[in-house]
Amino acid sequence: MKFTLLAGALSALVLASPALAADSYDIDPTHAWVSFKTNHAGWSNAHGIFKTVSGSISFDKDDVTKSSVEITIDAGSIDTNDAKRDEHLKSPDFLNAAEFPAITFKSTAIEKTGDKTAKVTGDLTVVGTTKPVTLDVTFNSEASLPWDASVVKTGFSATGSFSGPDFGLAKMTEFGLGPDIKLDIDVEAVKK
């Protein structure tokens, strides 16, 4: 009788407990690269990077469609290898970083496309304009740090593109840029 009661209590406890949740990670700002390139008047592609990136990832390895990502980029951290050009890109002609200091991406849907790949659609906000953008994402790996087994890192790479003028960067074409901006993203994130 006692065994039956104990078994019943344990069954009720298991059934009442929530399903295992996705793992949570914080993006490591020292291992996050958001770079971009755009056509420069047909001569070449102009390249740049944002140096200050943060965010969080919820990663469900059993069902990636239940995962999510939020990234915040400091618009003022743009670096195109020329200080004068960077100041112009931060101005109201382009990113208007004083009024809109953050560029954000928040996932809204994830579609698995392979063992380690997915299409991640989310709301991208640039200069106060929010529109959907889809990124092609690859899960690279997850492992403990060799020098500290208590720290677990995961890593992702992503690519995508969007039209700058669609996001309030209307003066791009006046300066012979774009209109498309191609993104190349690599992030490492630490498990909470």
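Observations, loosely collected:
- According to the calculation over all Cα-Cα pairs in the chain, the P(r) per 5 Å bin from zero is 1, 7, 13, 18, 16, 12, 10, 7, 5, 3, 2, 2, 1, 1, 1, 0, 0 %.
- Among 45, 81, 140, residue whose mean-square fluctuation peaks in a GNM of the chain (springs only between Cα atoms under 10 Å): 81
- Kirkwood Rh in Å, taken over all unlike Cα pairs in the stretch 90-192: 15.6 Å
- When the C-alpha to C-alpha distance is required to be over 19 Å, the pairs from 37/119; 66/112; 119/182 that qualify are 37/119.
- In nm, spacing of pseudo-spin labels at residue 91 and residue 58 (7 Å Cα→C-beta vector): 4.2 nm
- Candidates 120, 64, 53, ranked by Gaussian network fluctuation over the chain, Cα under 10 Å, top entry: 64
- Summarising the amide proton neighbourhood of residue 67: residues at separation of 5 or more, or on other chains, whose placed amide H is nearer than 5 Å comprise 60.
- Dipole of the stretch 10-145, positive direction: furthest Cα of 91, 57, 46, with charges on the beta-carbon: 46
- ³J(HN,Hα), Karplus 6.51/-1.76/1.60, whole Hz, each residue of the stretch 70-85, x for Gly, Pro: 9, 10, 10, 10, 6, 4, x, 8, 4, 9, 10, 6, 7, 4, 5, 5
- Here the 3J(HN,Hα) profile of the stretch 51-61, calculated from phi with Karplus coefficients 6.51, -1.76 and 1.60 at θ = phi - 60°, is 8, 10, 10, 9, x, 9, 10, 10, 10, 9, 5 Hz, Gly and Pro shown as x.
- Helix-only CD estimate at 222 nm, as mean residue ellipticity for the chain, using -39500 (n - 2.57) per DSSP H run (n ≥ 4): -3500 deg cm²/dmol
- Cα long-axis angle, helix 2-16 against the chain (0 to 90 degrees, to the nearest 10): 10 degrees
- Taking 89, 169, 145 in turn, the Gaussian network model of the chain (Cα-Cα springs below 10 Å) assigns the largest fluctuation to 145.
Read-outs throughout are calculated quantities, based only on the coordinates presented, and are distinct from any laboratory measurement. Note that this is a predicted model, so its numbers are computed, not measured. No Cβ is skipped: glycine too gets one built from the backbone with ideal geometry, and neighbour counts run over all protein chains shown.
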